[in-house]
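Comments concern the structure below.
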There are 2 protein chains.
Amino acid sequence: MDKDFDKYNEIAEILKVLAHPVRLCIVKGLIENGECNVTHMQSCLDTPQSTTSQHLQKLRAAGIVEGKRNGLEINYRVCNDKVIDIIKTIFKDN
Amino acid sequence: MDKDFDKYNEIAEILKVLAHPVRLCIVKGLIENGECNVTHMQSCLDTPQSTTSQHLQKLRAAGIVEGKRNGLEINYRVCNDKVIDIIKTIFKDN
DNA sequence: CCTTTTTTTTAGAATTAGTTAATATAGCGG
DNA sequence: CCGCTATATTAACTAATTCTAAAAAAAAGG
C-alpha cells in the first residue's frame, strides 16, 4: 500500500513549506495580486527583511515561486499550478 | 493587510499537521476507505505502534480525525470537511 | 571606484517536531 | 481477578525549523 511512499513525501514537502502563516500570506498575496517585489511584501508582512527573504528562499527551493530581477528589485510570482489550486481550495469560503 | 493574521495561523496549523508522509497516508486512506482501526493502519504504514498512535493524536488534536471505540478497537475517520476538500485537491491527478 | 538601494546569505540561539522504547490504560474472555 | 489484545501516554533523544543580527552580493548612478 505504500508504493506511493515517494509521492507522499513529495507532497508533504510542499505542504511543509506552505504551512507557515507568513509564507501562506506571501503565496496568497502573489496569487491574488500577481507579481510583487520583496520590499513591497515586507510592508504587508511586519517581519524583518531578512526573515522575509528566507521565507522566499524556501518557497523558491520548493518550486513554488520564482523571481525575475528588474534592476535593483526582484519580482516574485507563483509558478506552480498545483499550489495555486491548493491555495484556492484552502481559502475558498472566506 | 494582515487583519487575517489569525486566519493564516489557523490554516498553517492544519497544514503543518497534514505535512507529514505518514499522516498524509493515514488521512488519504481514511477518506478513500472510510473507517479504520489502528492495527490495520499500522499494517499499511511500517511504523511502530507508538509512532502511529502519536500521529493519530496530532490529527485528533487538530480536529482532523476522530475515533470511536468499539470493544478493544478504536475506529478512526476523517471528521473535517475542509481537510477532505484539500486532500482531494492535492491528490487530484494521480 | 564609491555609495546607495535591494536582496541574499551566514551563523548562532531558541523552539518545535519526530522517533522509539517502555510503561500505562481500557475492554474483553475466562 | 488474571491475562490478553488494542491503543495511548511518557520520557528521552535527535533532527529540523524559525528567528534575528550582521555581513555579503548585485545592480545602478554619479
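Within segment B:72-87, the residues that satisfy the criterion of being more than 18 Å from B:Lys7 (Cα to Cα) and more than 8 Å from DNA strand D (Cβ to nearest atom) are B:Arg77, B:Val78, B:Cys79, B:Ile84, B:Ile87. Suppose we keep only residues that are out of contact with any helix residue (DSSP H, G or I) (no Cβ under 8 Å at 6 or more places or on another chain) and within 12 Å of DNA strand D (Cβ to nearest atom) within segment B:28-38. Which one would you say is least open to solvent (accessible area, probe 1.4 Å)? Ranking the qualifying residues of segment B:28-38, first place goes to B:Asn37. Just one of (1) within 15 Å of DNA strand C (Cβ to nearest atom); (2) within 13 Å of another protein chain (Cβ to nearest Cβ); (3) open to solvent by less than 20 Å² (accessible area, probe 1.4 Å) fails for A:Lys16. It is (3). Please go through segment B:45-90 and pick out each residue that is open to solvent by less than 30 Å² (accessible area, probe 1.4 Å) and at pLDDT below 95. Selection gives B:Leu45 alone. Every residue in segment A:31-65 that is within 28 Å of B:Ile87 (Cβ to Cβ) and in contact with a Phe, Trp or Tyr (Cβ under 7 Å, 6 or more places away or on another chain), please. Those that are within 28 Å of B:Ile87 (Cβ to Cβ) and in contact with a Phe, Trp or Tyr (Cβ under 7 Å, 6 or more places away or on another chain): A:Leu56, A:Val65. Within segment A:20-27, identify whether any single residue is within 14 Å of chain B (Cβ to nearest Cβ) and either exposed (fewer than 14 other Cβ atoms within 10 Å of the Cβ) or out of contact with any helix residue (DSSP H, G or I) (no Cβ under 9 Å at 6 or more places or on another chain) (or both), and answer yes or no. Scanning segment A:20-27 turns up no residue that is within 14 Å of chain B (Cβ to nearest Cβ) and either exposed (fewer than 14 other Cβ atoms within 10 Å of the Cβ) or out of contact with any helix residue (DSSP H, G or I) (no Cβ under 9 Å at 6 or more places or on another chain) (or both).
The residues listed here are B:His55, B:His40; of these, the one that is within 14 Å of chain A (Cβ to nearest Cβ) and touching a Lys or Arg at 6+ places or on another chain (Cβ under 8 Å) is B:His55. Remark: B:Ile64 falls outside the filter, which requires a residue to be within 12 Å of DNA strand C (Cβ to nearest atom), more than 9 Å from chain A (Cβ to nearest Cβ) and β-branched (Val, Ile, Thr).
The values are calculated or read from the model by the stated rules, or taken from the named source; none is laboratory data. Please read these numbers as outputs of a predicted model, since none were measured by experiment. When we count neighbours, we look across all protein chains shown, and the Cβ atoms used for this are built from the backbone with ideal geometry, even at glycine. In case anyone asks, the SASA skips ligands and DNA or RNA and just uses the protein heavy atoms, side chains included. Shrake-Rupley method; radii C 1.70, N 1.55, O 1.52, S 1.80 Å.
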